[in-house]
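The values are calculated or read from the model by the stated rules, or taken from the named source; none is laboratory data. Because the structure is a prediction, the values reported are computed rather than measured. No Cβ is skipped: glycine too gets one built from the backbone with ideal geometry, and neighbour counts run over all protein chains shown. Ligands, DNA and RNA are stripped out before the accessible areas are found, and what is left, the full protein with its side chains, is counted by its heavy atoms. Shrake-Rupley method; radii C 1.70, N 1.55, O 1.52, S 1.80 Å.
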Amino acid sequence: MRVLLTGGSGFIAAHVLHTLLERSHTVVTTVRSQDKADRIKAGHLKLGKEKLDFAIVSDIALSGAFDLAVQSDPPFDAVIHTASPLVLIVNNVQKEVLDPAIMGTTGLLASVRRFAPSVKRVVVLSSFAAMIDLSKGDWPAHTYTAADWNPITHAEAIVDAIAGYRGSKTFAEKAAWEFMDREKPNFTLTTLNPPFVFGPVVQYPGLSLDALNASNRRFVAFLKGMTTPTTFYAWVDVRDMALGHVRAIEEQSVAGERIFFTSSQQFCNKDILEIIDSEFPELREKLPNREKWNSVGYPGDGVYNVDAKRAQELLGREFIPLKECVMDTVKMIKNFL
Ligand code: NDP
């Protein structure tokens with residue numbers, strides 16, 4: 001297949017790109033600058049020499065941002081949309097978070113409908129953030145499924161970067177499904193909703209620890225002796241996530257579906273600390289004091305469950321276990337320490 005992948009410089013997108021190339025798809029990926037394109041190319045020389053190309057889309061929030069990128073010769077068969085802000089410090093939530101997420105998604109769908117009639121499948125990377133209802137707290141009686149929607153309002157979303165992120169994923173995904181209902185385009189939509197995505201980084205040479213993606217930063221915090229709240233008790237390995245995206249464009253059976261793309265194994269930050277402690281004795285002294293670990297364990301009354309059935313079926317293999325994910329992530333971070 002010939003695939004347009006948005007946001008190729010991202011943590012998850014870099015793995016999606018790798019998996020697409022490994023499975024012999026040809027790819028054009030959008031990036032914000034030529035410098036990023038050059039660095040990604042250098043990182044994929046082995047697999048990507050003839051199968052990888054780039055389109056510069058400097059700001060996905062601009063009207064018509066994807067009009068040129070979706071036009072290709074030979075034409076695209078599928079589109080995977082991952083570009084969206086996941087930033088923890090912002091000055092203006094509306095401009096820096098909500099607009100790029102929502103307008104980036106609807107703008108891309110509109111460009112595909114108008115200029116890329118050959119595209120039959122679109123996969124949008126959404127989030128568990130678009131599903132979780134924080135007003136219910138840890139909700140031990142509940143099992144989250146793809147039927148759950150975050151009830152966040154616009155007024156709640158603009159208060160800070162984290163609320164803005166949760167709002168951005170909810171509103172962008174809703175807008176995507178509304179677009180499908182309203183426009184009835186020639187392509188199908190599948191959304192994948194992962195919780196925390198952890199795992200080693202494959203972006204490009206020269207990536208620094210400071211530029212590490214948001215979800216992996218908890219590993220760095222632990223190795224600097226800090227604890228951080230768990231917030232979501234669900235996760236998935238980035239390599240499973242990448243395969244999920246690629247299978248979602250290959251498998252007709254998931255067209256039109258919203259899939260909670262989570263590992264069936266839940267986690268809390270204390271689990272991660274215990275794995276680092278047992279598998280990396282040389283790093284033990286960098287970890288926070290053991291007395292603090294219980295504060296990032298599971299709450300006494302328990303937490304919600306997750307329904308990973310459809311993700312498992314899409315993946316077509318066992319999920320990568322937390323222990324393997326933590327070990328591979330810490331091995332990668334050790335190179336920076
Ligand atoms: P990254 O921050 O690593 O990647 C974000 C990507 O989006 C980058 O390619 C970035 O480009 C691009 N981007 C952001 N804003 C703009 C903009 N205004 N114009 C053009 N490009 C933009 O994040 P992840 O890979 O971790 O996440 C990617 C997606 O996955 C996001 O949609 C996120 O919501 C979702 N997700 C992530 C989870 C996680 O735990 N990581 C969990 C659930 C969902 P640049 O590199 O130039 O900044």
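Apart from one condition, residue 139 fits all of (1) closer than 28 Å to residue 254 by Cα; (2) at pLDDT 95 or above; the exception is (1). So which residues in the range 50-92 are assigned to a loop (DSSP other than H, G, I, E, B), surrounded by 14 or more Cβ atoms within 10 Å (Cβ to Cβ) and small (Gly, Ala, Ser), if there are any at all? Hits for the range 50-92 are 61, 65, 69, 72, 83, 84. Residues that are open to solvent by less than 60 Å² (accessible area, probe 1.4 Å) and either of a type in the set (A, V, I, L, M) or in a loop (DSSP other than H, G, I, E, B) (or both) within the range 142-153 comprise 142, 145, 146, 148, 150, 152, listed in sequence order. Total residues in the range 187-214 satisfying the condition of being over 29 Å from residue 148 (Cβ atoms), assigned to a helix (DSSP H, G or I) and not charged (D, E, K, R): the figure is 2.
For every residue, the table says whether it meets (1) surrounded by 15 or more Cβ atoms within 10 Å (Cβ to Cβ); (2) part of a strand (DSSP E or B).
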site	(1), (2)
105	yes, no
119	yes, no
124	yes, yes
132	yes, no
140	no, no
155	no, no
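The condition of being hydrophobic (A, V, I, L, M, F, W, C), open to solvent by 70 Å² or more (accessible area, probe 1.4 Å) and over 16 Å from the mean Cα position of the chain (by Cα) holds for residue 336.
Restricted to helices (runs of 4 or more DSSP H) entirely inside the range 215-285, those with at least 2 residues that are under 30 Å from residue 4 (Cα atoms) and small (Gly, Ala, Ser) are 238-250. Here residue 110 fits the description: assigned to a helix (DSSP H, G or I), open to solvent by 10 Å² or more (accessible area, probe 1.4 Å) and in contact (Cβ under 8 Å) with a residue 60 or more places away in the chain. When residue 165 is tested against (1) of a type outside the set (Val, Ile, Thr); (2) at pLDDT 95 or above; (3) more than 12 Å from the ligand (Cβ to nearest atom); (4) at negative phi, exactly one condition is not met: (3).
Does the range 248-255 contain at least one residue that is in contact (Cβ under 8 Å) with a residue 24 or more places away in the chain, under 18 Å from residue 86 (Cα atoms) and out of contact with any helix residue (DSSP H, G or I) (no Cβ under 8 Å at 6 or more places or on another chain)? No, the range 248-255 has no match at all. Of the residues screened, residue 58 is not one that is within 11 Å of the ligand (Cβ to nearest atom), under 20 Å from residue 154 (Cα atoms) and of a type in the set (S, T, N, Q). Taken over the range 1-49, the criterion of being closer than 20 Å to residue 72 by Cα, aliphatic (A, V, I, L, M) and surrounded by fewer than 17 Cβ atoms within 10 Å (Cβ to Cβ) is satisfied by 1 alone.
Quickly run through the range 211-254 and pick out the residues that are open to solvent by 10 Å² or more (accessible area, probe 1.4 Å), over 24 Å from residue 335 (Cα atoms) and small (Gly, Ala, Ser). Within the range 211-254, just 253 meets the criteria.
In this structure, residue 184 does not qualify as among the basic types (Lys, Arg), away from the ligand (no atom under 13 Å from the Cβ) and under 30 Å from residue 136 (Cα atoms). Filtered by the rule that a residue be charged (D, E, K, R) and out of contact with any strand residue (DSSP E or B) (no Cβ under 9 Å at 6 or more places or on another chain), the range 40-60 gives 46, 49, 59.
Please go through the range 1-38 and give me each residue that is over 12 Å from residue 80 (Cβ atoms), of a type outside the set (Lys, Arg) and near the ligand (Cβ under 6 Å from one of its atoms), ordered by number. Matches in the range 1-38: 9, 11. The residue that is nearest to residue 104 (Cα to Cα), counting only those in the range 29-48 that are assigned to a strand (DSSP E or B) and in contact with a helix residue (DSSP H, G or I) (Cβ under 8 Å, 6 or more places away or on another chain), is 31. In the range 159-178, the residues that are of a type in the set (Asp, Glu) reach residues that are in a helix (DSSP H, G or I) and surrounded by fewer than 19 Cβ atoms within 10 Å (Cβ to Cβ) with C-beta atoms within less than 9 angstrom, at least six apart or across chains, in these pairs: 178/106.
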